[in-house]
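Have a look at the structure below, then the notes.
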Ligand SMILES: [Zn+2]
């Protein structure tokens, strides 16, 4: 079985197929070498798998900030959870008058969840995984 070799365009050295740079002169040899990449990694950008989970958690459990933790936004998650718990306590203390306050973190979660789900995988990764946009 013959091993694939790539000929360096600079010094004509035969390099094994796994090298992208010439072993003799270090020149870049381009895409001649076969890359070991799984098809899954190529079709989906890294972090896109969090989109559905974060989106659904935002919509269903929005006020608890779970979707923030999924995205790695610890601070924002804690803020949302705190607002939710404080609203909950206020609602109890005020015998239910303060209940609408709980809607605030809940609505934030639903809106963010819907935004996540309506974005494409690429947009989602660009905005929230790479860009680390904290809110919305
Ligand atoms: Zn070379």
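The values are calculated or read from the model by the stated rules, or taken from the named source; none is laboratory data. Just so it is clear, the model here is predicted, and its values are computed rather than measured. Cβ sites come from the backbone with ideal geometry, for glycine too, and all protein chains shown count toward neighbours.
Of note, residue 110 satisfies the criterion of being out of contact with any strand residue (DSSP E or B) (no Cβ under 6 Å at 6 or more places or on another chain) and in a helix (DSSP H, G or I). State yes or no: is residue 40 modelled with pLDDT under 90 and in a helix (DSSP H, G or I)? Yes: the conditions hold for residue 40.
Of the set (1) farther than 18 Å from residue 61 by Cβ; (2) part of a helix (DSSP H, G or I); (3) touching a helix residue (DSSP H, G or I) at 6+ places or on another chain (Cβ under 7 Å), all apply to residue 81 but (1).
When residue 52 is tested against the conditions (1) touching a helix residue (DSSP H, G or I) at 6+ places or on another chain (Cβ under 6 Å); (2) assigned to a helix (DSSP H, G or I), the lone failure is (1). When restricted to residues that are surrounded by fewer than 16 Cβ atoms within 10 Å (Cβ to Cβ) and assigned to a helix (DSSP H, G or I), the range 91-107 contains 7.
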